[in-house]
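Each reported figure results from applying straightforward, stated rules to the coordinates on display, with no laboratory input. Being a predicted model, the structure only gives us computed values, none of them experimental. Using ideal geometry, Cβ is built from the backbone for each residue, glycine included, and neighbour counts are taken over all protein chains shown.
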Amino acid sequence: MKRFTISVPDELKKELDSMPDINWAEVARKGIEEKLQCLEKFEVLEKSGEL
């Protein structure tokens, strides 16, 4: 599995750190996967002229 780094504002980092039981990397990964799925569906609709 590859790694990459994201930057977040200090205030957001403080909020994330206040909830150490949450696997934020997993939350981010799922969010990215969901966004990609939406974009792929959009592309299919766009190419088919259904938009």
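Points to keep in mind about this one:
- Test result for residue 44, over 15 Å from the mean Cα position of the chain (by Cα) and of a type in the set (Val, Ile, Thr): yes
- Scan of region 1-12 for residues that are in a helix (DSSP H, G or I) and surrounded by 10 or more Cβ atoms within 10 Å (Cβ to Cβ), ordered by number: 12
- Every residue from region 13-32 that is in a helix (DSSP H, G or I) and surrounded by 10 or more Cβ atoms within 10 Å (Cβ to Cβ): 13, 14, 15, 16, 24, 25, 27, 28, 29, 30, 31, 32
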